[in-house]
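The values are calculated or read from the model by the stated rules, or taken from the named source; none is laboratory data. Model, not experiment: these values are computed from the prediction. In this analysis, Cβ positions are derived from the backbone assuming ideal geometry, glycine residues included, and neighbour counts consider all displayed protein chains. Keep in mind that these areas ignore ligands, DNA and RNA; they rest on the heavy atoms of the full protein, side chains included. Shrake-Rupley method; radii C 1.70, N 1.55, O 1.52, S 1.80 Å.
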Amino acid sequence: MLIIKRNRVSVMILALALLCLYPSAGAQSKFKEMADVQLLTGYNRGFGFGGNLVLNGLSTEFPFDIRFGVGYTLLNPGKSSDARRIFINNATNGTPEKKGRSIDLRMDLLKRITLLGNSNSYWFFGPRYSFFNGNFKYVGGNEDFDVTSKQFGFGGGFESRYNISDNLKLVATAGLDYFLGATLQGHDTSYSPDNDNVNPRNKQDVDGKYSYSDADKAINQPKFMPRIMVGVQWDF
């Protein structure tokens with residue numbers, strides 16, 4: 001809930017900043033002409049959906065359009081048995097249940113091209129930021145905990161738009177995002193890429209403690225995220 005509130009604050013700050021760039025009524029009208037809204041759904045290493053704000057032709061000297069977006073994806077969070085051993089203990093009782101999600105913020109620079117005969121197509125690239133949460137519950141085993149991470153990334157791809165009416169377009173996009181490894185936190189334990197870990201658990205049947213590599217293999221935090229989405233675009 002806290003993550004969602006923070007995302008809403010970020011969107012509000014962005015909207016206020018954009019409005020400040022266009023203080024007059026005439027400038028605000030011009031802004032509406034440049035702004036498009038996209039709603040998309042599809043595959044993003046799981047079922048995902050999201051929305052984008054596209055700003056077209058900000059300057060004749062700037063060759064790109066700019067897009068800001070937020071997405072929500074349902075993911076397989078990882079291996080239940082390994083997550084329990086690495087973040088809590090070696091117990092095996094209880095029936096495992098799991099669910100995962102990723103909330104991502106994105107910004108893209110878009111450049112118009114002709115793709116498969118469609119002149120209203122674009123290639124795009126830009127930075128990403130992800131909030132990952134994986135929940136592991138063991139019914140009858142008295143364990144219910146989250147594993148979380150926050151990651152920077154980048155991505156790119158291609159997009160085509162097809163006119164449905166004067167102000168409505170069909171949008172199809174395909175791309176790939178890559179997220180860097182980040183600290184995985186769960187229960188009272190955390191594992192970091194540099195192995196500066198907090199309260200790591202002892203390995204089962206062998207000497208030593210679990211490392212970040214073990215945790216990263218057990219937990220499916222975003223890494224390579226293929227993205228195939230379709231939706232609609234409204235032109236103001």
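Counting only heavy atoms of the protein chains, get the accessible area per residue of the chain (1.4 Å probe) and round it to a whole Å² value.
Roughly 54 Å² per residue, with all protein chains present.
I'd like the trypsin sites (Lys or Arg not before Pro) in segment 63-156 restricted to DSSP loop residues with at most 11 other Cβ atoms within 10 Å, sorted by number.
Answer in residue order: no site qualifies.
Within segment 124-152, find all residues whose amide N lies under 15 Å from a label point positioned 7 Å from the Cα of Thr95 along Cα-to-beta-carbon.
Once the point is set 7 Å along Cα→Cβ of Thr95, 137-143 turn out to lie under 15 Å by backbone N, inside segment 124-152.
Please give the FRET efficiency for Leu74 paired with Asn199, using the beta carbon to beta carbon distance and R0 = 45 Å, rounded to the nearest 0.05.
Computed FRET efficiency for Leu74 and Asn199: 0.95.
Under a plain spin-label model, where a point goes 7 Å from the Cα along Cα-to-Cβ, how far apart in nm are Met107 and Phe224?
2.8 nm
Using 7 Å Cα-to-Cβ label points, what is the Asp188/Phe154 separation (nm, one decimal)?
Label at Asp188, label at Phe154, 4.1 nm between them.
Against the longest principal axis of the chain, how steep is helix 2-20, in degrees 0 to 90 to the nearest 10, with axes from Cα atoms?
Between helix and principal axis, roughly 20 degrees.
Treat each spin label as a single point 7 Å out from the Cα along the C-beta direction, and report the Phe62 to Ala174 distance in nm.
3.0 nm
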